[in-house]
Structure formats: structure tokens, C-alpha cells
Amino acid sequence: MTFQELQLLPQLLRAVEDMGYEAPSPIQAAAIPPVRDGRDLIGCAQTGTGKTAAFAIPILQRLSGRVTKSHRPIRALVLTPTRELALQIKENFDLYGKYLSIRNTVIFGGVGQGPQVEALEKGVDVLVATPGRLNDLCNQGHIDLADIETFVLDEADRMLDMGFIHDVKKVIARLPKQRQTLLFSATMPHEIAELSKTILVDPVRVEVTPQSSTVEAIDQRLYKVDKANKKHLLQYILQDSTLDSVLVFTNTKHGADRVVKDLGRSGIAAMAIHGNKGQTARVKALESFKSGEIRVLVATDIAARGIDVNELGCVINYELPNVPETYVHRIGRTGRAGRSGIAISFCNFDELAYLKDIEKLIGKKVPVVEDHPWPMEIFEATPKTVRPPRPPRAERQKQAAGGTNVSDKPTKSTARTENAPAATAPAVKKAVPVPEQPLVSTRRPSGQREAPAAEAPFSSPEVAAPQPPKIRRLSSDPRPIGRLMASADGRRKRRNRNRQQPEK
Ligand code: AMP
């Protein structure tokens, strides 16, 4: 099938040509005709299948048929869970609609609303939004959804995962009953299936290749490596200059920052993108990565959702995810739209169980790279650190007000201990876990180590002889206690002798 066969406007065909697309992807071939004709649609497809164009192109075609000149109400609404996805969808509308006079804008939380409100006031045809900010601006009277003709609910399952489903339902309640609705979801959990029954009318169903088969196009490799040596292995792999655009996944925000820091120390420029980064920092990191200014972007799963980088050649799982579907989502960032891609995964002993689940999901073994400088040498589980339970918030605030240090962060000395194996790793290949040090520092001001009090009897070869109990002086008489006791004794004897004398 060709784009010409989809009966698209010449302006849209030209834009698609400019993008370098040769043929519609399966979801585009299946979804564009019914959406162009005004039908409701339910699309089971994940990011990377070309689903954005599958709804953006026919929406643009429908809207351009009736451009309202003076009054410009919002006529198409795309609701998507993350800021990154929202920005990319808007960018796609701009690109596909560049030869049409359709106005698009995007709104999302985490940034000031001023410029967004200004853009809305100029009048827009297509609004791409995240649910929280949309409800906010509706409540403030900046947005009216009464003229919506087409509503797209994108990544519905993610909305559910991220706890946005109530906000989504609030948005739906604001929409006119008479409208076209398109729902896209990679998976179809019960709640989404139920929601789809209430918002779609006689929908066309389109399902593209299930997740696991997308994986076929990707060259997957597994490196078994100890946790402390992952950073060295990463630097070793990045020496391959053919890997020009690499997305590294970590499971935590802290982990992402640490990887960036370690790479920086070895002279490799990288940036992190995660939930603790402000919107400006996230956009800057993404832009630097897309433009090739930096070669490595380190991301957590939520932040990476919807990262759309055409030439992404390689994905590295610095840590394996404990949910196997996440592995498929991650590696699906490379090898998009029929291009080949490389997915490299690091796996330490603790992660072998996750690997088993992943291989079960994708239905094959991930090929192991045996020959590398940092092979796994620790074949036992990392002992878990037991932290004391955190007191309730109110109590912590009370303690903090009283000046007590109640931080649950490790003390400086502990943090150094945790980093100890990594610090010595360049010279020593095998990392030996260092036993945890007590949280309370046992360092003397002079810098000498002092054994903790409870351990003193065991640390000294001589046990001190027990001391007699001390006698407290009650009398102010300066004579020695023995003399005092003797004189008291004499007084008692004299008293008794007098008592025994008969009365005269
Ligand atoms: P999406 O699933 O919409 O996030 O799209 C994934 C990637 O595929 C984006 O980088 C699109 O630019 C690209 N793409 C979409 N449709 C096509 C197509 N027909 N041919 C080639 N690439 C495409």
C-alpha cells in the first residue's frame, strides 16, 4: 500500500514525502481510512508503530475541510500521559500539517501556564494536552471543549498506570456527546476495556503486531557483569564509536544521575532525564541528544516514555527491569519503523531472575556476550541493607524542630563506604562487598578509631578487675571513714553500758 492510495490531500502527501516515509506502517494503513471517514477507533498499538501519524494525518485532513475563519474553537483534542509525548505529538501535527493552515498547541503541567494561555487565546484547532493541566485550565475558564469534533485518548493503559484515569474521566465529562473518539492503548486492562465501551460508538478495531514480535527486529545482547563493574563495562562499550546515539536505562532517578556522573569522570558527556529534573532540564537534555550534541542520554522508564528519536541506534539496560514488559518497551525505542537497532543488557547475579521472566515473555534466550573484560565473578545475592523503620512524618517534624538529626539518608561516612568497591574498581577487577559500617560515626576528633562501647570487653585482651562500690560520705567530719566508724562504734558501746546500769 502507498500513501497515495489512502486518498490524502496533496498537502499531506507532500509533508509525508518530506518526512521520507516510503509507505504507511501497518497501523497507518489500517487506521487512516476509517478515521478519515469519521469512524470511532480502538487501536492496540504501542509507541514506535507509527500510531501518531495514524491519527494525526486523518485528523488534519478532516479539520482542513472546514477551517472556521473568525471564531477558532478547539476542534480536536489529544490527551496523552506525559509532557514528552505531548510535545512530540504536537511536533508531529506541525510536521504533517505544515502545508495546511491548521493551528496546533500543547499544554502540560510543571511549567508556568502563562505562555500556554496566551497561545490558547490566539485560537487553536488542535490541542494536545496532559490531563492535569487541561482540567486546571478548563476550571479557570481558559479552555472550552464544547466544539470538540475528534477526541484522541492516547496511551490509555499508561494513564491508568500513572493514576491519571480520574482526570481523564473528568475531561471526558466535559466533551460534547456528539464527537469522534479514538482510543489507543498498548495493552487492554479491564478498566480500559470497560471505559472504551462507554466512550466509543461502534468502533473499528485495529491491532498491530503484538509487543514481542517487534523485538524480532532488534539485535539483543546480554552481558553478565557484577554490579560494581557495570560502569566500567559501560565505558568499554561506549568506546565503540559506531554507537552514535545511545539511550541508557536505569531503574531509579538516583541511579541515572550516578551513571551520568561516572561517565563524566571518564570524559563521556551524558545527560539524565527523570522525574526530578525540571521541565527545562528535560527538554534541554532531549534536544541535546536529538541534535547529536551529546551521544548518551540516561533515562528512567517514566521519563523515557514517548522519547521519539528517529536515529536511536542503541538502547542499554544498565539495570534489568523487574517487570518484563518494561524490557520490551525499553528496547522498542530502538529498531523503530523497520530500522535495525541494538539492545544491550547488563545483568548481575541479583537480576538473573528478571532475565528469566524477560526470556519467557519474548519467547527466546537473549544471546550472551561471553568475551568481555568484566565477566561476572560474584555468584551470590547481595545482602539486603536493613534500615530501621522510618518514624511517622509528624514525629520526624517534631524531632527536626527540636534539632535532632532524623535524616534517613546515610551519613557521610556510610555513603563513602557504599562507594568503596567502585572507587577501587579500575585497578581491581573483582569487587568485594564491604560490610556495612554503623550509621553512628566512631571516629575520634584526633582521627583515631575507638571501638564502640558495647564491644570494649572483646577488643581488649585484659579485662579490668571489678571495682568495690564507692562509699558516700554523709558526715562533714574530715576524719577518715575508718576512724569515724570506730568512734561511732565506741559511742554505741558506751550508750549500751549506761543503759544497763541500775537507776540510782
Ligand atoms: P510513533 O509510533 O508515532 O511514535 O512513531 C514512531 C517513529 O516512526 C517516529 O519516529 C515516526 O517519525 C516514524 N514513522 C511513522 N510513520 C512512518 C512511516 N510510514 N515510515 C517510516 N517512519 C515512520
Surpassing 24 Å at the alpha-carbon level, of the pairs Lys277/Lys360; Lys170/Lys284; Lys51/Lys290; Lys356/Lys384; Lys227/Lys384; Lys51/Lys197, are Lys277/Lys360; Lys170/Lys284
In nm, what is the difference between 0.36 nm times the number of residues separating Val111 and Glu17 and their Cα-Cα distance?
-> 30.4 nm
With the convex hull built on the alpha-carbon atoms of the range 1-125, volume per residue in Å³ sits at 111 Å³
Would you kindly derive the ³J(HN,Hα) couplings of the range 242-248 from the backbone phi angles with the Karplus curve 6.51 cos²θ - 1.76 cosθ + 1.60 (θ = phi - 60°), listing them in order in whole Hz, with x for Gly and Pro?
-> 6, 7, 8, 8, 10, 9, 9
How large is ³J(HN,Hα) for each residue in the range 103-120, as worked out from phi by the Karplus curve 6.51 cos²θ - 1.76 cosθ + 1.60 (θ = phi - 60°), to whole Hz, x for Gly and Pro?
-> 9, 10, 8, 10, 10, 7, x, x, 9, x, 8, x, x, 5, 5, 4, 4, 5
In the range 218-362 the accessible area split gives carbon plus sulfur, as whole percent at 1.4 Å, a share of 49 percent
The range 61-183 - convex hull of the alpha-carbon atoms, volume per residue in Å³ | 104 Å³
In this structure, the FRET efficiency calculated for Ala394 and Lys360 from their beta-carbon separation, with R0 = 45 Å, to the nearest 0.05, is 0.50
Loop trypsin sites (Lys or Arg not before Pro), the range 29-119 (other Cβ atoms within 10 Å of the site Cβ: 11 or fewer; DSSP) | Arg66, Lys69
Treat the range 3-207 as a sphere of radius equal to its Kirkwood radius over Cα pairs and apply Stokes-Einstein at 10 °C in a medium of 1.306 mPa s; give the translational diffusion coefficient in µm²/s, rounded to a whole number.
-> 94 µm²/s
Under-5 Å amide H pairs with Gln220, H placed in peptide plane, nonlocal only = Ala343
Would you mind working out the accessible area per residue for the range 240-383, using a 1.4 Å probe, and quoting it in Å²?
-> 46 Å²
Determine the per residue accessible area of the range 3-207 with all protein chains present and a 1.4 angstrom probe, expressed in square angstrom.
-> 42 Å²
Please compute the net charge surrounding Tyr96, taking Lys and Arg as +1 and Asp and Glu as -1 over other residues with Cβ under 12 Å from its Cβ.
-> -1
Short version: ³J(HN,Hα) in whole Hz for each residue of the range 356-364, in order, from phi by Karplus 6.51 cos²θ - 1.76 cosθ + 1.60 (θ = phi - 60°), x for Gly and Pro, what are they?
-> 4, 5, 5, 5, 5, 5, 7, x, 7
Rounded if a/c is under 1.5, else prolate if a/b is larger than b/c, else oblate: which is the range 165-241, with a ≥ b ≥ c the root eigenvalues of its Cα gyration tensor?
-> prolate
Share of accessible surface on carbon and sulfur in the range 18-88, whole %, 1.4 Å probe and ligands ignored, is 51 percent
Given backbone amide H placed at 1.01 Å from N, residues whose amide H is under 5 Å from that of Thr187, ignoring those fewer than 5 places away on the same chain, are Asp157
Tensor-based shape of the range 218-362 (alpha-carbon gyration tensor, a/c under 1.5 rounded, otherwise prolate or oblate) | rounded
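The values are calculated or read from the model by the stated rules, or taken from the named source; none is laboratory data. This is a predicted model, so every value here is computed, not measured. Glycine also receives a Cβ, built like all others from the backbone with ideal geometry; neighbour counts cover every protein chain displayed. When the accessible area is computed, the model is the full protein with side chains, heavy atoms only, and any ligands, DNA or RNA have been set aside. Shrake-Rupley method; radii C 1.70, N 1.55, O 1.52, S 1.80 Å.
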